[in-house]
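Here, each number is a calculation from the coordinates, and none is a lab measurement. Remember, predicted model here, so these are calculated numbers, not experimental data. Here Cβ is always computed from backbone atoms with ideal geometry, including for glycine, and neighbour counts include all displayed protein chains.
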Amino acid sequence: MQIVPTIFNNYAQGNVRPHSWGVRISFDKAFDDTTTFFTLDTSVLDGIDLLGPSDDNPLQAWDFYKYIDYTNRIVGMSWDRSLEFPFSVVSARADFELSNTDDYFTPNGGSPIQNYILPKRPVRLLSGFANTIIPQFVGLTQGMPEISQNPKTATFTALDFLTQIYELNIRNTIAMQDVRTDEVLANIFSQFGLAPAQYDLGKGRNVIPFLFFEAGQITAGEVIRSLMEAEMGMLWLSETGIIMFRERLEIVNTPVYTFDDNAIVDLQVSSDDQIINQINFTSELRAVQEYQSVYLKSDNNSLNVVPAGSTYIYQADLQDPCLTIETPTIGEVSSVSWFTASLPDGTNVSTGVTVASVNLRTNSFDVTFNNSNGFDVNISKMQLWGQPAKVYDKVKKTMNYQPSIDKYEVKPIPIDNNFLQSIEQMESLGITILDGYAEYASILDMEVKGNPALQLGDVIEVDYRQFDGQYRIIAMSNSLRDSKFTQNIKVRTYLPRSWFVLDSSTLDGVAVLAP
């Protein structure tokens, strides 16, 4: 729950609720004059200066755009977000309708901003009470506005910034060893120019012995969703614009808000079935090996010609992805990467041929050779040494919770995820899922006297007729129109666990051994 003054919550629960709201848009995508960007040889490394954005990247430094207030034009707005099941990569969506009686938002309509009425415009929505409005959404508009003539309005749709990142390809090849989920996320976010101040990553529980992603071959969303599945974690962009990651055993000890008869307008028991009593794991287990020969070319007759005074890219096909490969040097030497060059008649060439660059890919190692000689040469032999990540086992494991199966029949979920690299990791994740989802838990759909400070994942207290207990918010939808604020929340029964902590919990006490 966002931190707000006491009077804010009093307004939320009261009979008189002075709603306030705001819409701010950066149509020209100009940066605030106080923003400072990183300057080579001037800025301090890891200092406060931001990495300057590239022209094709609308994602960087969204907190630092210069936003213009269009609150006086609001006709209505809505925003929503929800958790996926049972792990979560959250996306938020917003729609807002603005008065357009003067064609201000009409493309090619003579507006002073007509050159900037384009997709991917940064936007912020705010909501609150009286003089206190708090952030609700930060993202980018999608497509062009929908222009209506009667009444004259312009309607925009926006998705949060994190959703935009999901759709982008990984920009730099990633090869990492023995890394936690949060460390991989930080690597991905840094590729898109995000500063550490723009994300808040809890310490992941899952450790991945090896991972490799080739630039341009997979989207950030595909990687992140697999990471969240293996972690059973939660990743979302907060209302204030900070990317948040929390691992699966984060515990909420006390509810942040209470809904009673006075605060609940309507309540329905949802028909959603979120029971899991069987988990079917599948994974290929890889381990990074010691340095060894990972490629050998010994055919003198193969045609790999480096033209005189030019370059040639040699593609060495790999049997396994590698964490690292040594750059080869000319001359045959044992236990290191090397290559030899020769004339077409087989005469050895020992000078003038160098490696200009290398590029490690998932299934190949590309070596760019430069030939400064005045004659063509062949790459006659080559050996590469590196650290391959070899599959040493393929695991299929099933975990059941029989008491639940006896009551509800088999409710399975498949998890085919190569980020789970040991039986122990599978068991840890499996126990956590079964602990939370093997038994029926009430899911309530409630229309409430809305409080804009509430956030997805908050634990609340419900005291309404026969419903009494703690629930976690798993979905929220909000709308403001005709000065009326409507909030619908979906909540799931929350059973707090006190996990055993070494050197802290009491032996044989109430704490449960963490999976």
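With Rh defined as the Kirkwood radius, the inverse of the mean 1/r over Cα pairs, the Rg/Rh of segment 380-462 is 1.23.
One way to sum up the overall shape of the chain is the equivalent ellipsoid from its Cα gyration tensor, whose semi-axes run 51, 34, 18 Å, largest first. Measuring nothing but alpha carbons in segment 288-391 and taking Rh as the Kirkwood radius, the Rg to Rh ratio lands at 0.98.
Along the axis of the charge dipole computed for the chain (Cβ charges of +1 for Lys and Arg, -1 for Asp and Glu, origin at the Cα centre), the listed residues 292, 219, 417 are led at the positive end by 219. With neighbours defined as other Cβ atoms within 10 Å of a residue's Cβ, the residues 65, 408 order from fewest to most as 408, 65. Straight Cα distances below 27 angstrom link residue 297 to the lysines 381, 390, with same-chain residues fewer than 8 positions distant left out.
Between residue 173 and residue 71, the modelled labels are 5.2 nm apart [label points 7 Å from Cα along Cα→Cβ]. Within the shell defined by Cβ-Cβ distances under 15 Å, the residues around residue 346 carry a net charge of -3, with Lys and Arg each +1 and Asp and Glu each -1. Apply the Karplus parameterisation 6.51 cos²θ - 1.76 cosθ + 1.60, with θ equal to phi minus 60°, to every residue of segment 17-28 and state each ³J(HN,Hα) to the nearest whole Hz, in sequence, with x for glycine and proline. In residue order, the calculated couplings are 10, x, 5, 9, 7, x, 10, 10, 10, 10, 5, 8 Hz. If you bin all the Cα-Cα distances of segment 386-432 at 10 Å, starting from zero, the percentages per bin are 20, 44, 24, 8, 4, 0. Per DSSP helix of 4 or more residues, -39500 (n - 2.57); summed, then divided by the residues of the chain. What does that give at 222 nm, rounded to the nearest 500? Counting only the DSSP helices, I get -3500 deg cm²/dmol. Residues 101, 493, 324, arranged from fewest to most other Cβ atoms within 10 angstrom of their Cβ, appear as 101, 324, 493.
By how many degrees, 0 to 90 and rounded to 10, does the Cα axis of helix 181-191 deviate from the longest principal axis of the chain? Taking the Cα atoms of the chain, the angle to 181-191 is about 80 degrees.
For 471, 392, the sequence from fewest to most other C-beta atoms within 10 Å is 392, 471.
Counting every C-alpha pair in segment 162-254, the share spaced more than 15 angstrom apart comes to 59%. For the residue pairs 120/449; 407/449; 203/490; 120/411, the C-alpha atoms sit more than 31 angstrom apart in 120/449; 407/449; 120/411. Work from the charge dipole of the chain (Cβ charges, +1 for Lys and Arg, -1 for Asp and Glu, about the Cα centre) and give the residue of 108, 459, 433 farthest towards its positive end. Farthest towards the positive pole: 108. Using alpha-carbon positions, what is the distance between the centroids of segment 341-381 and segment 176-212, in Å? If you average the Cα positions of each part, the centres end up 37 Å apart. Each label was represented as a point 7 Å from its Cα along the Cα-to-Cβ direction; for residue 465 and residue 284 these points are 5.4 nm apart.
Counted residue by residue at 0.36 nm each, then reduced by the alpha carbon distance between them, the extension gain from residue 368 to residue 481 reaches 34.5 nm. Using Cβ point charges alone (K and R +1, D and E -1), the dipole size of segment 255-333 about the Cα centre works out to roughly 580 debye. Taking GluC sites (Glu not before Pro) as exposed when DSSP calls them loop and at most 14 other C-beta atoms lie within 10 angstrom, the chain has its longest site-free stretch at 85-249.
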